[in-house]
Amino acid sequence: MVEAIIFDWTHIAGRKNADVKELLDFFRKRGIRIGSTSQCGEDELKQILALAEQEGNVPDYAVCAAEVSQGRPKPFMIWKNLMEFGVSQPLNAVKVAFSAEEVKEGIQAGLWTVGVISRFSQGLFSSPREREMEARKQYHTAQADYVIQDIWELSAVISDINYRAARLAGHTLLTPGPVTTRRRVKQSMMADHCSWDEEYRSITRSVIDDLTAIYADDGFTTVLLQGSGTYGVESMIQSLCRDGERILFLVNGEYGKRMVSLAERAGKTFSVLEFPPCRGIDPDQVEGYLARNPGIRTVMFVHCETSSGVMNPAREITAAAKARGKQVLIDCISSFGVYELPLGGPLGADAVAACANVCLEGTPGIAFVVAKKEILEKAKDVAHSLCMDLHLQYREFSGSGGKFRFTSPTNILLALRQAIDEYRKEGEMTARRQRYEENRQTLARGMKRLGIRSIVREEDQSCIAMTFELGALDFANLYHFLRRRGFVIDPGKLTRISTFRIGTCGNLNSRDIENFCLAMEDYLQRAGEMAERN
């Protein structure tokens, strides 16, 4: 929310316009402080303020260039205003500019900037139209956030800034992807890079190497893809499953069903072995099915089925399939970085798909497949999709020194690079899983206290997401109530009963979960009061 507006009072004093005072009084009544920065000397500033006092329209605080080490476009005069007003966040203040130089001052200070055409103070013009055109040109070149005809439009601008600031403030995402990210991860996206640049390609190579090293040795590599985690899963089906060779899908939730849909559209040959949606996959049943159906070539399943929060026993399933010579491909979108994965060794999976924006706590837009180099080499001409061809993507990364085949998601990759660095600082898998598990336990205790039942058994429950019975609650009302409190939750993915999901991953801690439970308690109390009145 806007807490301060900074002008140059040399453009305000002496105007003898009551409407200006009325506008500024309008802002003051709403708690907004009014400041001034001027290039003049101290004596001249005193004269300006004396004139303003005669007009009954003085700023709450004023600074001139002589009072700081450097004047505009340096930000020091503005910062002195903000310090006086106690405004700690520059984006909670607005610089109203009457020249391009003032816009630059506001930008360097980190404020929203508004260029005013009617007060544009640079140059002489033969007509108002020429003045307007030149003012707009210079303000836009200086990268002003807004350009307005006159300051009377400022109240509408402030309303829009408050709306945009509320969006920028964001919410605590209690969802299993995308997740709440750290400030440093978001800030890392601010740099623009060319995908051909050697520095950027070296960053890409470092991401590939570091993702691979979390679980696997030099016999594996990571293939990055532009898109969501589902792109990674589809690329495995497209590239690593040959036409006519049967795939066995182990399904106990919506994301398992999604794999089946992907295979169906790709024209693959497959069978489906289904399990109850709120229970883990039974490795013994898988082993029995494979014994009865020797024609299976590949086994695919979801490690953490986040439609319910169930954790499937990946190591046991993989061992059973590999013992019979099957290829194993796993959807690890929601478990990568937090749970051990069966990669490497004779009983390890051949490839896993994951993404940047769940347990690695990056931003959405990059999927990846960690796969044996051997199977990637053999995957030439298998995929029917150009974009989902893992073999071609792998060869491009290898041959170009880290370049994507098509336009690279440069800013998203920078965020992933920072997210991996944050992952390491935290203590990698052990520390991150411990934090998520503390979140889960806090959530389980809080919801149990509120009488809201989890639908997944403790022994099958992941620390990524939990699913709860909705009961008589209305999800839309619950969602909007919690969103106003700063929390965003997910609807349930199950069809037989009404549920909702709470993610315990992302940049969250147990205090965030406790605050969420308090918000839930408040909602339940209000819902109960409404029911009594009705």
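The values are calculated or read from the model by the stated rules, or taken from the named source; none is laboratory data. Computed from a predicted model, the values in this text were never measured in an experiment. Note that we place each Cβ from the backbone using ideal geometry, even for glycine, and neighbour counts take in every protein chain shown.
Working carefully through the options Val299, Val233, Val286, find the one that is over 27 Å from Ser385 (Cα atoms) and buried (at least 18 other Cβ atoms within 10 Å of the Cβ). Give the derivation first.
Numbers: Val299 fails: over 27 Å from Ser385 (Cα atoms); Val233 fails: over 27 Å from Ser385 (Cα atoms).
Just a single option satisfies the conditions, and that option is Val286.
If you go through the range 79-99 one residue at a time, how many are under 23 Å from Tyr163 (Cβ atoms) and either of a type in the set (Ser, Thr, Tyr) or in contact with a Ser or Thr (Cβ under 9 Å, 6 or more places away or on another chain) (or both)?
Within the range 79-99, the first condition is being under 23 Å from Tyr163 (Cβ atoms), and the residues that meet it are 82, 85, 87-97.
Then keep just the ones that are either of a type in the set (Ser, Thr, Tyr) or in contact with a Ser or Thr (Cβ under 9 Å, 6 or more places away or on another chain) (or both); that gives 82, 88, 94-97.
Summing the residues that are under 23 Å from Tyr163 (Cβ atoms) and either of a type in the set (Ser, Thr, Tyr) or in contact with a Ser or Thr (Cβ under 9 Å, 6 or more places away or on another chain) (or both) in the range 79-99 gives 6.
Out of Ser334, Ser400, I need the residue that is among the small types (Gly, Ala, Ser), at pLDDT 95 or above and either surrounded by fewer than 16 Cβ atoms within 10 Å (Cβ to Cβ) or within 30 Å of Arg182 (Cα to Cα) (or both). Which one? Working first, answer last.
On the way: Ser400 fails: at pLDDT 95 or above.
Just a single option satisfies the conditions, and that option is Ser334.
Conditions tested, residue by residue: (1) within 30 Å of Ala415 (Cα to Cα); (2) touching a His at 6+ places or on another chain (Cβ under 7 Å); (3) assigned to a helix (DSSP H, G or I); (4) aliphatic (A, V, I, L, M).
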site: Cys278; (1), (2), (3), (4): no, no, no, no
site: Ile281; (1), (2), (3), (4): no, no, no, yes
site: Gly288; (1), (2), (3), (4): no, no, yes, no
site: Ser308; (1), (2), (3), (4): yes, no, no, no
site: Thr318; (1), (2), (3), (4): no, no, yes, no
site: Ile333; (1), (2), (3), (4): yes, no, no, yes
site: Phe336; (1), (2), (3), (4): yes, no, no, no
site: Leu360; (1), (2), (3), (4): yes, no, no, yes
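Could you go through the range 490-507 and let me know if any residue there is within 19 Å of the chain's Cα centre (by Cα), in contact (Cβ under 8 Å) with a residue 60 or more places away in the chain and surrounded by fewer than 17 Cβ atoms within 10 Å (Cβ to Cβ).
no
Hey, does the range 439-458 have a residue that's in contact (Cβ under 8 Å) with a residue 60 or more places away in the chain, of a type in the set (D, E, K, R) and under 20 Å from Ser307 (Cα atoms)?
yes
Look at the range 158-185 and say how many of its residues are touching a Ser or Thr at 6+ places or on another chain (Cβ under 9 Å) and not in a loop (DSSP other than H, G, I, E, B).
Counting residues in the range 158-185 that are touching a Ser or Thr at 6+ places or on another chain (Cβ under 9 Å) and not in a loop (DSSP other than H, G, I, E, B) gives 3.
Looking only at the range 184-191, decide whether some residue is farther than 19 Å from His391 by Cα, surrounded by fewer than 22 Cβ atoms within 10 Å (Cβ to Cβ) and in contact with a His (Cβ under 7 Å, 6 or more places away or on another chain).
Looking for residues that are farther than 19 Å from His391 by Cα, surrounded by fewer than 22 Cβ atoms within 10 Å (Cβ to Cβ) and in contact with a His (Cβ under 7 Å, 6 or more places away or on another chain), one finds none in the range 184-191, hence no.
Residues are listed down the side, and each one gets a yes or a no for (1) under 18 Å from Leu443 (Cα atoms); (2) at pLDDT below 95:
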| site | (1), (2) |
| --- | --- |
| Arg483 | yes, yes |
| Pro491 | yes, yes |
| Arg496 | no, yes |
| Arg501 | yes, no |
| Cys505 | yes, no |
| Arg511 | yes, no |
| Arg533 | no, yes |
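Filter the range 238-260 for residues that are more than 27 Å from the chain's Cα centre (by Cα) and assigned to a helix (DSSP H, G or I); which is nearest to Cys278 (Cα to Cα)?
Step one: list which residues in the range 238-260 are more than 27 Å from the chain's Cα centre (by Cα), which gives 238-252, 260.
Restricting the remaining residues to those that are assigned to a helix (DSSP H, G or I) gives 238-240, 260.
On the way: Gln238: 29, Ser239: 31, Leu240: 29, Val260: 19 Å.
Top of the filtered list is Val260.
Conditions: (1) in a loop (DSSP other than H, G, I, E, B); (2) within 20 Å of Val382 (Cβ to Cβ). Leu329 meets all but one. Number of the miss?
Among (1) in a loop (DSSP other than H, G, I, E, B); (2) within 20 Å of Val382 (Cβ to Cβ), the lone unmet condition for Leu329 is (1).
Identify, please: which residue in the range 117-157 is hydroxyl-bearing (Ser, Thr, Tyr) and assigned to a loop (DSSP other than H, G, I, E, B) and is, among those, farthest from the chain's Cα centre (by Cα)? Talk me through it step by step, then tell me what you get.
As a first pass, look at the range 117-157 and keep what is hydroxyl-bearing (Ser, Thr, Tyr): 118, 121, 126-127, 139, 141, 146, 155.
Restricting the remaining residues to those that are assigned to a loop (DSSP other than H, G, I, E, B) gives 118, 121, 126-127.
Values: Ser118: 40, Ser121: 41, Ser126: 50, Ser127: 48 Å.
Residue satisfying both the conditions and the ranking: Ser126.
Applying the selection to the range 413-463, what residues are more than 19 Å from Glu514 (Cβ to Cβ) and assigned to a loop (DSSP other than H, G, I, E, B)?
Gly427, Arg453, Ile455, Val456, Arg457, Ser462, listed by residue number.
Just need a number here: residues in the range 416-445 that are of a type in the set (Lys, Arg), within 30 Å of Leu524 (Cα to Cα) and either over 20 Å from the mean Cα position of the chain (by Cα) or exposed (fewer than 15 other Cβ atoms within 10 Å of the Cβ) (or both). If you could, list the steps in order and put the result at the bottom.
Filtering the range 416-445 down to residues of a type in the set (Lys, Arg) leaves 417, 424-425, 432-433, 435, 440, 445.
Right, trim to within 30 Å of Leu524 (Cα to Cα) and you get 435, 440, 445.
Checking which are either over 20 Å from the mean Cα position of the chain (by Cα) or exposed (fewer than 15 other Cβ atoms within 10 Å of the Cβ) (or both) leaves us with 440, 445.
Total meeting the criteria: 2.
Go through (1) of a type in the set (A, V, I, L, M, F, W, C); (2) touching a residue at least 60 places away in the same chain (Cβ under 8 Å); (3) farther than 26 Å from Ile208 by Cα and name the single condition Phe475 misses.
The single condition Phe475 does not satisfy is (2).
Taking the range 120-140 as the region of interest, how many residues are in contact with a helix residue (DSSP H, G or I) (Cβ under 8 Å, 6 or more places away or on another chain) and either polar (S, T, N, Q) or surrounded by 19 or more Cβ atoms within 10 Å (Cβ to Cβ) (or both)?
Qualifying residue count, the range 120-140: 5.
So, Glu55, is that one assigned by TED's automatic domain parsing to the domain that holds Asp160, at pLDDT below 90 and more than 30 Å from Thr141 (Cβ to Cβ) or not? Explain how you work it out, then say what you get.
Values: assigned by TED's automatic domain parsing to the domain that holds Asp160: yes; at pLDDT below 90: yes; more than 30 Å from Thr141 (Cβ to Cβ): yes.
For Glu55, the condition - assigned by TED's automatic domain parsing to the domain that holds Asp160, at pLDDT below 90 and more than 30 Å from Thr141 (Cβ to Cβ) - is met.
Can you say whether Val114 is β-branched (Val, Ile, Thr) and within 25 Å of Asp512 (Cβ to Cβ), as far as the supplied structure shows? Steps first, answer last, please.
On the way: β-branched (Val, Ile, Thr): yes; within 25 Å of Asp512 (Cβ to Cβ): no.
No, not satisfied.
To keep it simple, each residue is scored yes or no on (1) touching a Cys at 6+ places or on another chain (Cβ under 8 Å); (2) more than 23 Å from Gln149 (Cα to Cα).
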residue	(1), (2)
Leu45	yes, yes
Asp60	no, yes
Glu67	no, yes
Lys74	no, yes
Met77	yes, yes
Glu84	no, yes
Ser99	no, no
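Return the residues of the range 464-489 that are aromatic (Phe, Trp, Tyr) and either more than 28 Å from the chain's Cα centre (by Cα) or not in a helix (DSSP H, G or I) (or both); say none if nothing qualifies. Before you say what the answer is, go through the steps one by one.
The first filter runs over the range 464-489 and keeps only residues aromatic (Phe, Trp, Tyr), leaving 468, 475, 479, 481, 487.
Across the range 464-489, the qualifying residues are Phe468, Phe487.
Of all residues in the range 446-500, count the ones that are among the basic types (Lys, Arg) and closer than 17 Å to Leu524 by Cα. Reasoning before the result, please.
Keep residues of the range 446-500 that are among the basic types (Lys, Arg), which gives 448-449, 453, 457, 483-485, 493, 496.
Filter again for closer than 17 Å to Leu524 by Cα, leaving 448-449, 453, 483-485.
Looking only at that region, the number is 6.
Select the helices (runs of 4 or more DSSP H) contained entirely in the range 2-105, then report the ones holding at least 2 residues which are in contact (Cβ under 8 Å) with a residue 40 or more places away in the chain and under 24 Å from Ala169 (Cα atoms).
Values: elements: 18-28, 42-54, 76-85.
Those helices (runs of 4 or more DSSP H) span 76-85.
What pairs come out if I take residues in the range 390-401 that are in the same structural domain as Lys372 (by TED's automatic domain parsing) and pair them with residues that are loosely packed, with under 14 Cβ neighbours inside 10 Å whose C-beta lies under 6 Å away, six or more apart or interchain?
Listed pairs, sorted by first residue: His391/Lys380.
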